[in-house]
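The values are calculated or read from the model by the stated rules, or taken from the named source; none is laboratory data. Remember, predicted model here, so these are calculated numbers, not experimental data. We place every Cβ from the backbone using ideal geometry, glycine too, and count neighbours over all the protein chains shown. Just the protein is used for accessible areas: all its heavy atoms, side chains included, with ligands, DNA and RNA removed. Shrake-Rupley method; radii C 1.70, N 1.55, O 1.52, S 1.80 Å.
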Amino acid sequence: MNEQDIPIEITATKLLEWLESRKIVSKNWQSQVREIRSKISNALNDMPVHPELVKLLSGSYINYFHCLQIVDILKTTEADTKSLFGRYGSQRMNDWQGIVRSYEKDNVYLAEAGQILQRQNVEVPGLRKQRNKIGQMIDDTEERIKNLIRSEEHLLKERQIICQQLGIKGSNLKEEFTARIKELPTFYDEIVKALPKLRKAVDYYLEFSANSEFLPLLRHILEYGNTTVYQFIYNEPPLSIEEPPITVTLTDTEVSADADGEIDFGDLSVEASIDFGEEIVLAEDDGAIDWGDVGEAEAIVNVSLEESGIVVADSGLDGGVARGEEAFTVLDNPFHRDQFIDEVFELQAFLLMRQYELKSDQANSFVFSIIEGNSKYDVETVNEMLACVQTILTATSSEALEHLHRLKHSPKYAKILASKLQQQLLTVAKIRSTREINKEKIVTLGIEKENIRPIISKLIASTKQLQQLIEKDISKRYKGRNVILYGGVESDPMD
C-alpha cells in the first residue's frame, strides 16, 4: 500500500501533544498567543459596521481562522484605501494582517487551535452532564410535588374523617363544638332505647350467678333510664339540677373565623322539673312533706338530715339539689359511663362463656347440674343476647360519642382537638405553598435546560468546523495525506 494512502489518525484530545512532538509548534507558543490576544483586543475596538463581522464576532472566541475571515471582509470595507502596489492604507487592515502574520509565525495558530479543540471537547460533555443533572433535578422536583400532593390528600382525608366523626364541617370549631355537645343527650337516648333488649341477658346473668346485686348501674338504667348520678347514688330524684357550665379556652390559631379564640359553651345548668308520680305538697308551717294518706298500719322511719344529705336553710327547704358531678346523667358522667361500659363487657364475658359451654359436649357437667332451668337458654338464644350486647357496645363506643364526651368533660381535649384540626389546615397551606414554589422551580429549570441546548449545538458545530480546518492544515504539511481527528465530540439527538 502506498504511504500516501495511509491516513494520519490523531486523537483529538491529544492533538497539541502530537504537534509539539513533531516540532510543528514550539513549546513556548503560549507566550506568543498572549501577545496576539492583546493585539486582537485592541483591534476589536475599531471595527467597521458590517453584518458579517457582527455575526462573526458575536459570542465567539476569535482564533486564527476567524482572523482570516475578518481580513477578507476588510478587503471589501477598506477597498478604497488600497494602493497600486496592493498595500492598504487602512490601519484596521494593517492591524489584522499583522495579527495573521503573528499567528502564522512558528505555527502558533495551529497550537492555539489544538488547545481550543481540546477545551471544546471537554466543554461539550460538561454541558451535557449539566443538562442531564438539570433534567434529574426536574424529575426529583416532580416526584417531590407528587409526594406533597399525597401528603396533602392524606391530611385532608384524616381531617375529614375526624370532622365526619364529630359531625361538623370544621369551618368554625367554636360554634360547631358547642352545637354538637348539645346533641349528646340524643346519643344517650338512643342507647337507653336499645337497652331493653339486654333485659333477658341481665336476668339470665343474675339467675345464673344467684346474686341480684350484680350489674347495679345497668339494672338502674333499665329500671329508671338515664337518670342523674344523684338519683343513682341516693335512690331518689333531685329537686333541681345545677349542671356545671363548661368553658374551653382556645388560642386564635385553634378557632377558625373567630377573633377571641375562646369556646364558651354557655351555661348548661338545667332547672329540671321531676315528675314523682303523685303530687308532692310542701307544708307551709314547718316545711314537712305531706306524703298523703299512707295508712295507720305503716310506720314512718325518721332519717336524720345529716344522713340524707339534705341541708335546711333559714329560708326553708334547700336540699336535694344535684350539683357538680352528681348533676350529670349516669351515661354522661365519665366515671359512671366507664362503669356502665365495664358492666356491659362483664355481661358479654358471661355470655361468651355460656356460649362456649353450651357448644361443648359437657352436657352433664357440674356447672349444668347445680342450676335449674339452664335448658331454656340454648346456643341460639345466647347468640341473640350477644348480638344485643354488641349493639350496645358499638353505640356506646362510637367515635362521635367518644369525641363529644371528651369535648364536654376534658378541658384540654377541645384545645388538643381544635389545635390538631387547625394545624392540619396550616400544614396543608404550607404544602400548597411549597408545591407552587416547586412548580416555579420546574419552570425555571426547564428554561435553563432549554437554554443549554443551543449552546451545545453551536459548540458542536464550531468544534467540528475547527476540526475540519485543522485536518486540512495538517494534511497540506504531509502532501495531502488524509488526516483524521477522532475521539472528539459527537452529535446528540437531544442537542
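The residues of the stretch 55-67 that are part of a helix (DSSP H, G or I), open to solvent by 40 Å² or more (accessible area, probe 1.4 Å) and either over 22 Å from SER462 (Cβ atoms) or of a type outside the set (Lys, Arg) (or both) amount to a single one, LEU57. The set of residues from the stretch 108-141 being over 39 Å from the mean Cα position of the chain (by Cα), surrounded by 14 or more Cβ atoms within 10 Å (Cβ to Cβ) and either of a type in the set (A, V, I, L, M) or not in a helix (DSSP H, G or I) (or both) comprises VAL108, LEU110, ALA111, ALA113, ILE116, LEU117, VAL124. Of the set (1) more than 30 Å from ARG22 (Cα to Cα); (2) loosely packed, with under 13 Cβ neighbours inside 10 Å; (3) of a type outside the set (Val, Ile, Thr), all apply to ARG144 but (2). Give the residue, chosen from GLU78, GLU52, GLU35, GLU3, that is open to solvent by less than 50 Å² (accessible area, probe 1.4 Å), over 16 Å from LEU117 (Cβ atoms) and not small (Gly, Ala, Ser). Exactly one of GLU78, GLU52, GLU35, GLU3 is open to solvent by less than 50 Å² (accessible area, probe 1.4 Å), over 16 Å from LEU117 (Cβ atoms) and not small (Gly, Ala, Ser), namely GLU78.
Scanning the stretch 6-32 for residues that are open to solvent by 70 Å² or more (accessible area, probe 1.4 Å) and part of a helix (DSSP H, G or I), we see that the one that is nearest to GLN120 (Cα to Cα) is LYS14. The listed residues are GLN355, GLN390, GLN423, and the only one of them that is within 41 Å of the chain's Cα centre (by Cα), open to solvent by 20 Å² or more (accessible area, probe 1.4 Å), over 24 Å from LEU331 (Cα atoms) and modelled with pLDDT of 85 or more turns out to be GLN423. How do the pairs read when you match residues in the stretch 437-464 that are within 14 Å of ASN121 (Cα to Cα) and β-branched (Val, Ile, Thr) with residues anywhere that are open to solvent by 90 Å² or more (accessible area, probe 1.4 Å) and not in a helix (DSSP H, G or I), using Cβ under 9 Å and keeping only pairs 6 or more apart or on different chains? Listed by first residue and then by second, the contacts come to ILE460/GLU490. For MET47, the conditions (1) assigned to a helix (DSSP H, G or I); (2) open to solvent by 30 Å² or more (accessible area, probe 1.4 Å) are fulfilled apart from (1).
On the stretch given as the stretch 450-495, residues that are open to solvent by 50 Å² or more (accessible area, probe 1.4 Å) and within 56 Å of the chain's Cα centre (by Cα) total 15. Before we move on, is GLY446 small (Gly, Ala, Ser) and outside any helix (DSSP H, G or I)? Taking the combined requirement at face value, the residue does not satisfy it.
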